Amino acid sequence: MIACLGRIVHDSDAESKLDDDVSTIFNSLNLQGSIENGDVSGIASKDFGGLYSVKPLYLIRPSGAEDISRVVKAAAGTPHLTVAARGNGHSINGQAMADGGYVIDMRSTGENHFKLLTVNGSPCIDVSGGALWEDVLRWCVSRFGLAPRSWTDYLSLTVGGTLSNAGVSGQAFRYGPQTSNVTELEVVTGKGDITVCSETRNPELFFGALGGLGQFGIITRARVKLQPAPDMVRWIRVVYAEFEEFTRDAEFLVSQKEDESFDYVEGFVFCNNDDPVNGWPSVQLNPDQEFNPAHLPQTAGPVLYCLELAFHYRNSDQPSTVDM
């Protein structure tokens, strides 16, 4: 060995270098939002499934579609640089991650759009792709007495996230999934173009983005169909020990006319034990109720079946009508 040249890099030096990198990227993209370095322990490196953990290059919190467009265009011009849109992180196989790439936190755009309008005589609402459905519900009901026609069970999900999958719950038998209750989208394509699409305007992109798992573009705005919100809801859960009886009743209820059945019909399976997450406690309607396994027949197996039903009604409806 003739010579050895070395340098000790202190933590503060490394952090300074990272800050410089962030500043350089931020300035080059001309973003209105914010950007930070990826962190293997941060939200952008994980998802709900917990199967993978990868470190993105940067986490970007855009101010709107223009920021997202700039990021996608920059990535499109750089070989092997990937981009992932992250809603509330409820993917299960790392779909909302970008190993060594850009993760776009869509929640920062959640309040960008909220506009009531009428399309072909029916009410609709323009909302951001980064808005949570629970916020959309609260805004629509409190301000207009309206509600989207189709939901998901868990409402802490983003509009763009569920529309990129399907959005299925107990109203789907009547109105279809959430993807069937949208009349228009604003999408940032893989080239970074901001494009408005519908059934008649750029229809290929419209139907590709709906249920397309984010592979056809990033949904930045959606026009969602609304209907009058009910004043009250009668909520019922019915437990079955036999699968055949469970499916028979479910098929009967979803095949009835609109005024002859429930407004919400959904089924699920749970364990025939006292497990607090997957067993009897998971089917109670409120903390004051307890499932009584003494009512189960001797023939009950290791799993039980439950129909969850809801009936919408107005305060002016007669009690006899609701109870029927």
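Can you report the number of residues in the stretch 260-272 which are open to solvent by 60 Å² or more (accessible area, probe 1.4 Å) and more than 27 Å from residue 147 (Cα to Cα)?
Adding up the residues that qualify gives 1.
Restricting to the stretch 283-309, what's the tally of residues that are exposed (fewer than 12 other Cβ atoms within 10 Å of the Cβ) and within 23 Å of residue 170 (Cβ to Cβ)?
Looking only at that region, the number is 4.
Is the stretch 22-33 home to any residue that is at pLDDT 85 or above and either part of a strand (DSSP E or B) or touching a Leu at 6+ places or on another chain (Cβ under 9 Å) (or both)? Break it down into steps so the answer makes sense when it comes.
Applying the first criterion (at pLDDT 85 or above) to the stretch 22-33 yields 30-33.
Within this subset, residues satisfying the condition of being either part of a strand (DSSP E or B) or touching a Leu at 6+ places or on another chain (Cβ under 9 Å) (or both) are none.
No, the conditions are met nowhere in the stretch 22-33.
Which pairs have Cβ atoms under 6 Å, sit 6 or more apart or on different chains, and link a residue in the stretch 297-313 that is farther than 21 Å from residue 278 by Cα to one that is part of a strand (DSSP E or B) and open to solvent by 10 Å² or more (accessible area, probe 1.4 Å)?
Every condition considered, the pairs that remain are 310/233; 310/235; 310/264; 311/234; 312/233; 313/232.
(1) touching a Leu at 6+ places or on another chain (Cβ under 8 Å); (2) in contact (Cβ under 8 Å) with a residue 60 or more places away in the chain; (3) not small (Gly, Ala, Ser): which one isn't true of residue 233, the others all being true?
Of the numbered conditions (1) touching a Leu at 6+ places or on another chain (Cβ under 8 Å); (2) in contact (Cβ under 8 Å) with a residue 60 or more places away in the chain; (3) not small (Gly, Ala, Ser), the odd one out for residue 233 is (1).
So, of the residues in the stretch 95-112 that are of a type in the set (Gly, Ala, Ser) and surrounded by 18 or more Cβ atoms within 10 Å (Cβ to Cβ), which turns out to be modelled with the highest pLDDT?
108
Determine, yes or no, whether residue 199 is assigned by the TED database to the domain that holds residue 128 and in contact with a Cys (Cβ under 8 Å, 6 or more places away or on another chain).
So residue 199 fails the test.
I need the strands (runs of 3 or more DSSP E) fully contained in the stretch 39-122, keeping only those with at least 3 residues that are assigned by the TED database to the domain that holds residue 216.
Where strands (runs of 3 or more DSSP E) fall fully within the stretch 39-122 and carry at least 3 residues being assigned by the TED database to the domain that holds residue 216, they are 114-119.
Answer with yes or no whether residue 166 is assigned to a strand (DSSP E or B), small (Gly, Ala, Ser) and open to solvent by less than 50 Å² (accessible area, probe 1.4 Å).
No; evaluated as a whole, the condition is false for this residue.
Any residue in the stretch 44-65 that is within 27 Å of residue 199 (Cβ to Cβ) and either open to solvent by 70 Å² or more (accessible area, probe 1.4 Å) or free of Cβ contacts under 8 Å to residues at least 60 places away in the same chain (or both)?
no
Go through the stretch 186-209 and give me each residue that's at positive phi and open to solvent by 50 Å² or more (accessible area, probe 1.4 Å).
202
For residue 174, work out the one condition from (1) open to solvent by less than 30 Å² (accessible area, probe 1.4 Å); (2) over 19 Å from residue 221 (Cβ atoms); (3) in a helix (DSSP H, G or I) it doesn't fulfil.
Every listed condition holds for residue 174 apart from (1).
Scan the stretch 246-266 and report the pairs whose first residue is in the same structural domain as residue 300 (by the TED database) and whose second residue is surrounded by 12 or more Cβ atoms within 10 Å (Cβ to Cβ) and assigned to a helix (DSSP H, G or I), with Cβ atoms within less than 7 Å and a gap of 6+ or a chain change.
Hits for this filter: 254/173; 258/174; 261/253; 262/253; 265/173; 265/250; 265/253; 265/254.
Among the residues of the stretch 66-83, write down those that are surrounded by fewer than 22 Cβ atoms within 10 Å (Cβ to Cβ) and within 19 Å of residue 187 (Cβ to Cβ).
Passing the criteria: 66, 69, 70, 73, 74, 75, 76, 82.
Can you name the condition, by its number, that residue 253 falls short on among (1) more than 26 Å from the chain's Cα centre (by Cα); (2) open to solvent by 70 Å² or more (accessible area, probe 1.4 Å)?
(2)
The values are calculated or read from the model by the stated rules, or taken from the named source; none is laboratory data. A quick note: this is a predicted structure, and the numbers were derived from the prediction, not measured. Here the Cβ is made from the backbone with ideal geometry for all residues, glycine too, and neighbour counts use every protein chain on show. Ligands, DNA and RNA are excluded from the accessible area calculation, which covers all protein heavy atoms including side chains. Shrake-Rupley method; radii C 1.70, N 1.55, O 1.52, S 1.80 Å.
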